[in-house]
């Protein structure tokens, strides 16, 4: 692995971002709107909740955590899409760049871009709506870590789909978080889901995070084993998505798709 | 171990797309300081061959060895001292000349990068455009940026797919002179495709004529036409394109 080559991928993203409002504004506009919307929603819910139940850490905290995961995913895919949009695959993959370096560069780019959105979310949620992460205690660290890893896995999966199916498949990527959200129980306990959805839920790491959030806020018991399971699943999905990306890249090299990517499908 | 003086060694290279053979058992070598012209009509297999040498297209059979390193086994190492420019692969238009050169310099692991970029900007007369986005440049200026990028890592193997296609005659002549200087001053070898036969005759030490994925003819561009009863390289090219079987059998 070459540090310089990873830096090149990150630097490319930085060059594109600086002085480009079209790239910078979406980093915090949507998450900002989400936090404002759910912030007022939770305030409203607090007005008719029984026994002084506070929805801020349950709902707003969960929204923030879920948005964090989505931002990480989109950070990876957006950095990849820059190569798709500028038809840069031939130039970039004809260099000594390794796939592991390329993916590492996309992930670091995502951390860089996502951190802007996360800061905005935290400022709004904590400053305006009184969300405090102290209520989660140290558990907040594994929560973020699991969602970070799962966001990376989803991001690499998105890149894989677009690499395999061509630029038009970008449309498949944006709805992925919305498709996953009902299964992971961002807003409600997984227990209310039908059995078949609960089975899928058990395979998705964020489910363990949101179950944990609710358990901690309600003062219930939360098993560390489920966090370990969530973390293990996240690591597994990162490895799996990396494996599929590599396989898809080799398929693209075999069929000539890398050299003629705009043709979309040569296989 | 005997030092391998060959920059590029291609042996038995094939690329099959289903029943269609895009490249069929192609073998050739490029030596240091040598400019090899890869000629042939559209669809002859030139770009497919170059794509395979660049590692962006996997051969169906055959081997590609760059400075003794097998591309299939050690792709990254083999490509470290290779570079290319092609009319169909412009640099990202949403980055400036300087940004593109910086990024590709890092990807190729160029030492003393700022100094190298400065010298290439001067060499290719790009200083005035260094902060201009590549997409805003004329096609000729973009070609010069692509050539500057191709020279970043002082490649030992330089692949040029129609490098002067969009240049005016004066600029094309300058570029040819620069590439000739590159091979005569350093240790690099060049594989060059062009449809401009005068250019090929002027620049190339040896040419390979490809037709239907096979090497049909090989030799010195100055003597090859007369050896096959043709007036010049252009006539020979037309004959290769129209009557490949006649030449193959002759």
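Every read-out reported here was derived from the displayed coordinates using simple, explicitly stated rules and does not represent laboratory data. All figures in this text were calculated on a predicted structure; none of them were measured in a lab. We place every Cβ from the backbone using ideal geometry, glycine too, and count neighbours over all the protein chains shown.
Relative to the dominant Cα principal axis of chain A, helix A:140-165 is inclined by about 40°. The label point for residue B:19 and the one for residue A:87, both projected 7 Å from the Cα toward the Cβ, are 3.1 nm apart.
When the square roots of the Cα gyration tensor eigenvalues are ordered a ≥ b ≥ c, the ratio a/c for the range B:130-226 is 1.5 or more and a/b exceeds b/c, which makes its shape prolate. Normalising the average separation of contacting C-alpha pairs (under 8 angstrom, six or more residues apart) by the number of residues puts the relative contact order of the range B:88-154 at 50 percent. With respect to chain A, whose longest principal axis is taken over its alpha-carbon atoms, helix A:61-85 is tilted by about 10°. Taking all Cα pairs closer than 8 Å and separated by 6 or more residues, the relative contact order of the range A:189-252 comes to 29 percent. Helix A:21-48 sits at what angle to the longest principal axis of chain A, using alpha carbons and giving 0 to 90 degrees rounded to 10? It is inclined by approximately 20 degrees.
Based on alpha-carbon atoms only, what is the radius of gyration of the protein assembly as shown relative to the globular estimate 2.2 N^0.38 Å? Output field value: 1.18.
Between A:209, A:76, A:253, the Gaussian network model of chain A with springs among Cα atoms under 10 angstrom shows the greatest mean-square fluctuation at A:253. Of the three principal axes defined by the Cα atoms of chain B, the extents in descending order read 55, 43, 37 Å.
Multiplying each eigenvalue of the alpha-carbon gyration tensor of the range B:88-154 by 5 and taking the square root yields semi-axes of 17, 12, 10 Å, largest first, rounded to whole angstroms.
From its DSSP helices (H runs of at least four residues, each -39,500 (n - 2.57)), chain B gives a residue-normalised ellipticity at 222 nm of -10500 deg cm²/dmol. When the Gaussian network model of chain A links Cα atoms closer than 10 Å, the mean-square fluctuations of A:23, A:71, A:87 top out at A:23.
When all alpha carbon pairs of the range A:169-267 are counted in 10 Å bins from zero, the resulting P(r) reads 14, 32, 26, 17, 9, 2 %.
For chain A, the extents of the C-alpha atoms along the principal axes are 64, 43, 32 Å, listed from largest to smallest. Highest mobility in the GNM of chain A, judged by mean-square fluctuation with C-alpha springs under 10 Å and restricted to A:143, A:172, A:68, is found for A:172. What whole number of Å gives the distance from the Cα centroid of the range B:199-221 to the Cα centroid of the range B:51-67? That distance is 20 Å.
Overall shape of the range B:1-148 was characterised from the C-alpha gyration tensor. The equivalent ellipsoid obtained from it has semi-axes of 31, 19, 13 Å, in decreasing order. Reducing the range A:191-246 and the range A:4-83 to their Cα centroids gives an inter-centroid distance of 20 Å.
Where both bridge residues fall in the protein assembly as shown, DSSP classifies roughly 55% of the beta bridges as antiparallel.
Relative contact order for chain A: 24 percent, from Cα pairs under 8 Å spaced at least 6 residues apart, divided by residue count.
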